[in-house]
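One structure is given below, represented as C-alpha cells, and several questions about it will come after.
The values are calculated or read from the model by the stated rules, or taken from the named source; none is laboratory data. Note that this is a predicted model, so its numbers are computed, not measured. Methodologically, a virtual Cβ is constructed for each residue, glycine included, from the backbone with ideal geometry; neighbour enumeration extends over all protein chains shown. Each accessible area value is taken on the protein alone, full model and side chains, heavy atoms only, with ligands, DNA and RNA left out. Shrake-Rupley method; radii C 1.70, N 1.55, O 1.52, S 1.80 Å.
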Amino acid sequence: MSEQIKMPQLGESVTEGTITKWLVQPGDRVDKYDPIADVTTDKVNAEVPSSFAGVIQELVAEEDETVQVGELICYIDTGEKREDSQNDDKQETAGETDQKEPEPKEEQSMKTRYSPAVMRLAQENDIDLTRLQGSGRGGRITRKDVENHIASAPAPEPEPKTEEPKEDPARYPTYRTKPPEEMEALSEDKEIPLTQMRKAIASNMVKSKEEIPHAWTMVEVDVSNIVAYRDRIKDEFKEKEGFSLTFMPFFMKAIVETLKEFPEVNSVWGGDKIIHKKDINISIAVAAEDSLYVPVIKNADEKSIKGLGKEVYSLAKKARLGQLKEDEMQGGTFTINNTGSFGSVQSMPIVNHPQAAILSIESIIKKPVVVQDDMVAIRSMVNLCLSLDHRILDGLICGRFLARIKEKLEAFQLDREHIY
Amino acid sequence: MAVMTYIEAVTAAMREEMTRDEKVFVLGEDVGARGGVFGATKGLFETFGEERVIDTPLAESAIAGVGIGAAMYGMKPIAEMQFADFMLPAVNQIISEAAKTRYRSNNDWTSPITVRAPYGGGVHGALYHSQSVESLFNHVPGLKIVMPSTPYDVKGLLKAAVRDPDPVLFFEHKRAYRLIKGDVPDHDYTLPIGKADVKKEGTDVTVISYGLCLQFAMQAAEKLEDEGISSHVLDLRTVYPLDREAVVEAASKTGKVLLVTEDNKEGSLMGEVAAVIGEHCLFDLDAPVQRLAGPDVPSMPYAPPMEKHFMMNPEKVEAAIRDLAEF
C-alpha cells in the first residue's frame, strides 16, 4: 500500500520549508520516525521523520526545492494490504448508500453552492452560511433564506461580543479589532479633507503604533548649570551669531555623545535583523501649524553645540516655510522631540519608524529639590522621556542610556565647557 | 372610465390626437373607408375625411417615405403597416432616413412620424402575418420602439408617440387586439416613452416582459401567488431604448430573473436586457438569468399544434417562474 509523506508543520508560523538534502533514496527501507530529509525553514533546521515504516518509492520534492506545509514530498510503500480491506469497506458502504441515502444526498448537493447575492449578504452581515438551512433545489441556500435569516435574527451583536475575546485573547488590541465607528459630520461640523501631508503623518503613526511594541521611561535631570550658562551668554551669542541660542543644542550634544557610547540605541529595525547605524543622524520633530516635519541633522556627532544650534535653527526655519528637501528628511537614526517648547512636562512620543527610540525634552521648571542629602534648593529641573522599540531595546540598556545623559547634563561645568 | 379592448384604445388615441391637432393624419393600406384590416382606423375616415385618412398603394416603402417627408415638413403622420411582417420593404426609409434625420441635419430637421404595426402570432397567420420584428430595429439609435401590453398603456403611449418630436415605432400585438380588455380613462393623458412600469410587486422572482407576453406573465404570477410564489413583474413598455434603471432595480429586487418574449430566442432584445442585468446586478443575483422565448426557427408555423408549440402562453411562463423560485 502506497502512502504519501507530506511536508510537516515544523513550527507554529512556518508555512513552507526547503529540502536541503534527501537522506534516503527510492528503494531504501526506513522505520517509522527515521529521518528521511533535512529541511530548513525560516525558523528552524530540522529533519523530517518518516510517518510510516516501509520502502521509499519515489521522491517527489527535489533538493533545494521550497515546499508548502502539507504538500507531498515522497511516496512510501508500507507493504500493508490495506487496499483490499478498504475496497471491501467501500463496497459495503456503497451498497448501503445506494439503498438508503439517495434522497438526503440529492437534497444537499447544492448546499454549499452560493450565489453572488448570498455571498454578499453573508459577508455584509457576518453570517456563517454553514449554519443555515437552504430551501432551494438541492438544499441550496437562496438569497431569500439569508434575507429571512437576517430579518429573524435582529440582534447579532451579543454573539460577536462573547466570541471576540475568545478569538485571540493573547493579542493586544489593535486598530484592526477596534469596532468600526461611523464618523459622520453633522450639519454644523466642518469637514477638513486630508492633505497629502496629513495622510502621510497618519499612516506613519499607525504603522509605528501597530508594529512597534512601545515601552516608555523617564528621568528627571538637574540642568541648573546649563540654564545659568546659557543665560549668561545668550545675548552676546545672538549678537555675534545672528540666531538665538536655545537649550536644544545642549541637550542634543549630550545625547549624541551618549549615543556614541550606546550604539544599540542608535539602531533601526531591519525586519529579520537589527542594524546598528554607524552615522549618528538626529531627526528633530518640528511642528508647523498644520503639520509635522522631521528634518535630519546628519553626522550630529561631528558638530559643536553652536553647530547643532545653527542646524536646528535653519532646519526649523525651512520646515516652517515648507522648504525642506526630501533628502533633508531622510536617514535619521534617532529622534529628539522638543515638547518642552510648548510647556509639556511629560509626553509619550511615538517611535519614528524604523528607528529604535525617540526622546522628548520637556519644559525646564524651577523646583525645590533635595540636594546634598539634606538640603532643599531651588533647581532648574527637566524631564527626559524615552519611548523605545522593545523588540530592539530592553529596559536595562535604556536606563543606562538615560542615566548617562543625565550624568553628562548635570556635570556641565560653567568654565570648562564651551559651545564652539 | 370605460372598459376598452386593446384595439379600441388604439382607435381612441388616434381619434383624440387627430381632433387635438389637425397636423395629425393617418395613412396606410385600407385605413380609409375599410377602417383598416383589423379595424384600428374604424370611423376615422367618416370623421376626418379622405385628406386626413389616406388609403395608400400596396407599397410600404412609400407609406414610410411619404410619412417621413410629411413629418419633416411639420406634419404628424401616423403610418400604419398592415402587418409588421410587411415593414421590411420600408426598412431603408425607417433606418436610413427617419432614424437619422435629426442627427444628419444637426438638429435642423426632425421626423416626428409614428409607424404603427401589428406584430406577433397566435392568430393562425403563419409566415407573413405572425412575426415579431422588434429586434430588427432595437439596434438603431434615433428610433424609439414602444410595445404596450394593456389598453391603458396603448392609449397613453400612442398619444405620446404622436406628440414625440422623433420617429416612434409602435408595435401592437394583433392577438391582444380583442383578447385584452381594460379600463381606459376618457380624458386626455399620455405616458412617458422610455419608462418601464412595474405591473406587480413581488419578492421571489422578477419577470420582465412586454406586449402580449406581459399579460401571460401576469396570469401566471397571479396563479402562483396562491402557491406562495411571489412574482415581481416589470413591463418594459418601451423596448428601445431600454429603461435600464428600471431593469436593474427590478432584477436586484429578487435576484432571480425571468425574461419573456415571443420573439426567437437568439438575438432577441431580451439578450440586451440580460446584458444590462449582468453588467449591474452581479452581487444581487441569486440564480442564472433565464430567457423564455420562441424557438429559433424561421417562422411562426401554420399548423395549429405547431403554432401552439411556438407561441408563448401562461403555462410556459408559470413553469419557468416556478423553476426559478425553486432554484
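Sort through B:ILE94, B:ILE63, B:ILE68 and tell me the only one that's under 17 Å from the mean Cα position of the chain (by Cα) and within 30 Å of B:GLU22 (Cβ to Cβ).
Criteria check complete, one pass: B:ILE94.
Turning to a different aspect of this structure: Counting only residues that are within 14 Å of another protein chain (Cβ to nearest Cβ) and touching a His at 6+ places or on another chain (Cβ under 7 Å), how many does segment B:249-271 have?
Looking only at segment B:249-271, we keep the residues that are within 14 Å of another protein chain (Cβ to nearest Cβ), and these are B:251-257.
Then keep just the ones that are touching a His at 6+ places or on another chain (Cβ under 7 Å); that gives B:253-254.
Residues that pass the stated criteria total 2.
Okay, residues lined up against (1) among the hydroxyl-bearing types (Ser, Thr, Tyr); (2) more than 21 Å from B:ARG163 (Cα to Cα):
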| residue | (1), (2) |
| --- | --- |
| B:ILE7 | no, no |
| B:VAL10 | no, no |
| B:THR19 | yes, no |
| B:LYS23 | no, no |
| B:VAL26 | no, no |
| B:GLY32 | no, yes |
| B:LEU44 | no, no |
| B:THR47 | yes, no |
| B:VAL53 | no, no |
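Sticking with this one: Keeping to segment A:130-151, report how many residues are open to solvent by 20 Å² or more (accessible area, probe 1.4 Å) and at the interface with chain B (Cβ under 10 Å from one of its Cβ atoms).
Adding up the residues that qualify gives 5.
Restricted to segment A:367-399, and to residues that are surrounded by 12 or more Cβ atoms within 10 Å (Cβ to Cβ) and among the β-branched types (Val, Ile, Thr), which residue is modelled with the lowest pLDDT?
A:VAL371
The conditions are (1) within 19 Å of the chain's Cα centre (by Cα); (2) surrounded by 18 or more Cβ atoms within 10 Å (Cβ to Cβ), and B:VAL37 fails exactly one of them. Which is it?
So B:VAL37 meets the others, but not (2).
Need a quick list: strands (runs of 3 or more DSSP E) entirely within segment B:54-161 having at least 1 residues that are touching a Phe, Trp or Tyr at 6+ places or on another chain (Cβ under 6 Å) and hydroxyl-bearing (Ser, Thr, Tyr). Let's see the steps before the verdict.
On the way: elements: B:76-80, B:114-119, B:144-146.
The strands (runs of 3 or more DSSP E) meeting that bar are B:114-119.
If B:PRO148 meets every condition in (1) modelled with pLDDT of 95 or more; (2) under 21 Å from B:VAL260 (Cα atoms); (3) open to solvent by 10 Å² or more (accessible area, probe 1.4 Å) apart from one, which number is that one?
(3)
Can you give me the number of residues within segment B:275-298 that are away from chain A (no Cβ under 13 Å) and open to solvent by less than 30 Å² (accessible area, probe 1.4 Å)?
Of segment B:275-298, the ones away from chain A (no Cβ under 13 Å) are B:275-276, B:279, B:290-298.
Filter once more, so that each one left must be open to solvent by less than 30 Å² (accessible area, probe 1.4 Å): B:276, B:293-294.
So the count comes out to 3.
A further question on this structure: Pairs only if they're at least six apart or on different chains, beta carbon under 7 angstrom, first in segment B:239-261 and not assigned by TED's automatic domain parsing to the domain that holds B:ALA220, second open to solvent by less than 10 Å² (accessible area, probe 1.4 Å) and aromatic (Phe, Trp, Tyr); list them, first residue then second.
That search, which allows pairs on different chains as well, returns nothing.
Can you run down the residue pairs with Cβ atoms below 9 Å, 6 or more apart or on separate chains, where the first is in segment A:316-335 and over 26 Å from A:SER387 (Cβ atoms) and assigned by TED's automatic domain parsing to the domain that holds A:LYS253 and the partner is open to solvent by 50 Å² or more (accessible area, probe 1.4 Å) and outside any loop (DSSP other than H, G, I, E, B)?
Final answer for the pair search is A:GLN323/A:LYS317; A:LYS325/A:LYS318.
Does any residue in segment A:145-159 that is in the same structural domain as A:LYS111 (by TED's automatic domain parsing) come within less than 8 Å, Cβ to Cβ, of a residue that is loosely packed, with under 15 Cβ neighbours inside 10 Å and at pLDDT 50 or above six or more places away or on a different chain, and which pairs are these?
So the pair list comes out as A:ASP145/A:GLN133; A:ASP145/A:SER135; A:VAL146/A:ASN125; A:ILE150/A:ASN125; A:PRO156/A:ASN125; A:PRO156/A:ASP126.
Can you spot a residue in segment B:168-183 that is touching a residue at least 40 places away in the same chain (Cβ under 8 Å), open to solvent by less than 10 Å² (accessible area, probe 1.4 Å) and more than 28 Å from B:ASP85 (Cα to Cα)?
no
Same structure, new question: Checking the structure you have, find out if any residue of segment B:306-315 is in contact with a strand residue (DSSP E or B) (Cβ under 8 Å, 6 or more places away or on another chain) and within 14 Å of chain A (Cβ to nearest Cβ).
For segment B:306-315, residues in contact with a strand residue (DSSP E or B) (Cβ under 8 Å, 6 or more places away or on another chain) and within 14 Å of chain A (Cβ to nearest Cβ): absent.
Scanning for something open to solvent by 10 Å² or more (accessible area, probe 1.4 Å) and within 14 Å of chain A (Cβ to nearest Cβ), does segment B:212-219 turn up at least one residue?
no
Also, I was wondering about something else. Output the number of residues of segment B:247-285 satisfying the condition of being touching a strand residue (DSSP E or B) at 6+ places or on another chain (Cβ under 8 Å) and more than 22 Å from A:LYS144 (Cβ to Cβ).
Residues that pass the stated criteria total 10.
Related question: Determine if segment A:261-282 includes at least one residue that is under 19 Å from A:LYS317 (Cβ atoms), in contact with a helix residue (DSSP H, G or I) (Cβ under 7 Å, 6 or more places away or on another chain) and part of a strand (DSSP E or B).
Among the residues of segment A:261-282, at least one is under 19 Å from A:LYS317 (Cβ atoms), in contact with a helix residue (DSSP H, G or I) (Cβ under 7 Å, 6 or more places away or on another chain) and part of a strand (DSSP E or B), which makes the answer yes.
Is at least one residue of segment A:351-373 basic (Lys, Arg) and touching a residue at least 60 places away in the same chain (Cβ under 8 Å)?
no
Kindly list the number of the only condition in (1) at pLDDT 90 or above; (2) part of a helix (DSSP H, G or I) that fails for A:LYS240.
Unmet condition: (1).
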